[in-house]
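Below is one structure, written out as structure tokens; the observations come after it.
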Amino acid sequence: MLLKAVDLGLASCWIGAFDENAVREALDIPAARTPVAIMPVGYSAESSGRPARRPIDEVTTWL
């Protein structure tokens with residue numbers, strides 16, 4: 001999901017540390033369910049562009 005968001009020109013971040021009870025209440029999640037991650041998605045206020053790709057010989061080893 002994170003990669004697809006970036007592919008669509010969106011920004012996102014996986015969050016695993018949050019108040020489970022607050023999220024459960026805000027999203028009306030039943031007590032029997034446990035939220036384990038939050039992934040906000042939206043347009044970034046800053047435009048960082050895509051990082052330059054490293055040449056293939058720098059990231060591979062041929063045996």
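Each value in this text was obtained by applying a stated rule to the coordinates, not by laboratory testing. It should be emphasised that the depicted structure is a prediction, and the values quoted were computed from it without experimental measurement. Reconstructed Cβ throughout: ideal geometry from the backbone, glycine too, with neighbour counts over all protein chains shown.
About the Cα centre, and with charges only on the beta carbon of Lys, Arg (+1) and Asp, Glu (-1), how big is the dipole of the chain? Nearest 20 debye, please.
Working: 6 positive and 8 negative charges, 42 e Å.
For this selection, approximately 200 debye.
Given points 7 Å out from each Cα along the Cα-Cβ axis, report the Glu20 to Leu2 separation in nanometres with one decimal.
2.1
Quick one, which of (i) 1.12; (ii) 1.29; (iii) 1.68 is the actual Cα Rg over 2.2 N^0.38 Å calculated for this model?
Identified label for the calculated read-out: (iii).
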